[in-house]
1. Quick one: grab Rg to one decimal and Dmax as a whole number for the chain, Cα atoms only, in Å.
2. For the stretch 152-274, which semi-axes, largest first and in whole Å, follow from the square roots of 5 times the eigenvalues of its Cα gyration tensor?
3. Which of Tyr95, Phe137, Val36 sits closest to the plus end of the dipole of the stretch 20-163, meaning its Cα is farthest towards the positive end, when Lys and Arg get +1 and Asp and Glu get -1 on the C-beta?
4. In vacuo Debye scattering of the stretch 31-199, one point per C-alpha: log10 I(q)/I(0) at q = 0.17, 0.19 Å⁻¹?
5. Quick one: order Val292, Val370, Val208 by neighbouring beta-carbon count within 10 Å, fewest to most.
6. If you take every DSSP beta bridge fully contained in the stretch 219-367, what fraction is antiparallel? Give it as a percent rounded to 5.
7. Along the charge dipole of the chain, Cβ charges K/R +1 and D/E -1, which of Ile414, Leu107, Met184 sits furthest on the positive end?
8. When only C-alpha pairs under 8 Å and at least 6 residues apart count, what is the relative contact order of the chain, in percent?
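What follows draws every value from the coordinates through simple rules; no lab data is involved. Everything quoted here is computed from the prediction, not taken from an experiment. A quick note on method: Cβ atoms are made from the backbone with ideal geometry, for glycine too, and the neighbour counts reach across all protein chains shown.
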Amino acid sequence: MKKSVEQKDTSPSPDQPVTSEVKAPRGEEKPEFFKVIQGYLDDASRIVGLPDYVRTILRQPKNEIIVNFPVQMDNGEYRLFKGYRIQHSNILGPYKGGMRYHESASLDDFKALAAMMTWKGALMNLPLGGAKGGIKFNPHGVSRSELKRITRRFFHALGSNIGPDYDIPAPDVGTNGQTMAWAMDTYMNTVGMVSKQAVMGVVTGKPVTSGGTHGRVKATGQGVVHCIRMWAEDNRFDLHGKKLIVQGFGNVGSHAAVLLSHMGVSTVAVGDHTGYLYNPEGFNVYRLQEYVAEHGSIAGYPNGHAVSREDFFNIQADIFVPAALENQVDTQEATALNGVRLVAEGANGPCTVAGERVLKERGIEVLPDVLANAGGVTVSYYEWVQNKRSEQWALEEVDTRLEAAMRDAYRRVIEFDRAHRCGLRLACYGVALQRLGKVYEEREIFP
């Protein structure tokens with residue numbers, strides 16, 4: 001099998017993120033992700049008294065764009081690809097959200113993920129809306145040159161449906177900084193060819209040398225860690241000496257593990273699309289991260305022994321970071337967790353409704369995705385601002401701004417939960433909907 005850019009771009013630079021995915025639980029029907037997100041919206045709307053017309057608008061995306069485009073493969077044959085861009089809301093600002101390359105990508109998932117981006121932007125007080133998109137294919141099954149042509153052809157097909165003041169894509173599962181560099185260059189040389197430098201902000205998550213920002217690659221994982229640390233402070237939970245398991249040791253999971261290691265947390269088990277590894281003494285997460293950057297997965301890493309998916313969830317640990325795909329933690333996985341006190345959602349929607357119910361019954365706290373992994377979009381906003389101003393901020397400035405933003409959002413969510421006793425997930429939605437509802441109240445509906 002040919003390797004994608006994710007596997008062949010082996011530079012250890014933090015500006016080349018490696019994403020990770022994990023297959024859905026075997027033998028279980030995949031929940032309808034978009035309906036789950038709509039359910040959270042309905043529940044939170046009742047709590048904040050959101051007008052019915054606003055809830056009706058937010059239940060569906062504004063635009064659903066599907067493009068089918070041909071690409072010539074290395075063997076000379078042509079293959080037709082299906083690409084998506086779902087634009088959920090731009091009431092707060094330009095559409096914003098990642099581009100995912102994955103063989104199981106679907107319209108339903110992109111609609112759910114686009115809506116979640118709207119909630120994240122609103123929760124984090126960003127002047128951004130929500131979008132999501134990508135291509136339904138396996139990026140690991142094509143060569144680097146094929147991946148480049150697929151990416152360029154996709155963004156060319158999207159044309160003026162994206163733009164630095166309209167819709168701003170970013171990396172997601174199966175994409176990285178290199179993908180965004182190709183995307184930006186394609187846009188500059190087609191739609192934005194008249195004012196090339198002015199459209200550098202058409203995508204975020206770019207390599208620093210191509211207009212990206214310091215700190216973007218680690219930002220999502222860093223946001224997760226900020227939330228874990230604040231939860232630990234509130235609950236008098238000493239992180240030093242605690243054990244961590246991570247599902248999805250790509251960009252988000254690996255950076256979360258590395259940052260937590262600075263606080264004395266030991267990562268004892270990891271998993272990705274190739275399988276699961278266990279090391280009771282704790283992994284050297286720096287070396288494991290470098291290995292994944294070089295080889296594209298944890299497969300073959302020598303300092304750990306393989307375990308089954310079932311055994312992974314039963315490994316004794318204090319903290320669990322699901323950082324792969326959605327719907328990974330159902331009732332079976334939630335029941336199997338051994339000693340875990342906290343689940344911090346590095347991925348979008350990793351816990352099913354039924355799975356989260358089991359976690360609640362067991363007294364396991366969940367830091368929900370809308371808050372926990374919002375560090376990525378927050379630093380993407382910083383990148384966009386820098387592009388607009390033709391600036392480049394120091395890493396220290398980016399890190400300081402991100403920590404302040406995460407702390408502010410965390411406290412607002414905690415206060416909402418204390419006031420309404422609704423749980424942290426609905427509190428995230430509630431805080432976001434209060435802002436969105438206020439904007440609709442002020443602007444009203446055109447005409």
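1. Taking only Cα atoms of the chain, I get Rg and Dmax of 20.5, 64 Å.
2. Semi-axes, largest first: 37, 15, 11 Å.
3. Tyr95
4. Normalising to I(0) and taking log10 leaves -1.01, -1.20.
5. Final ranking by Cβ density, sparse to dense: Val208, Val292, Val370.
6. Just about 30 percent of them are antiparallel.
7. Sorting the options by dipole projection puts first Met184.
8. 19
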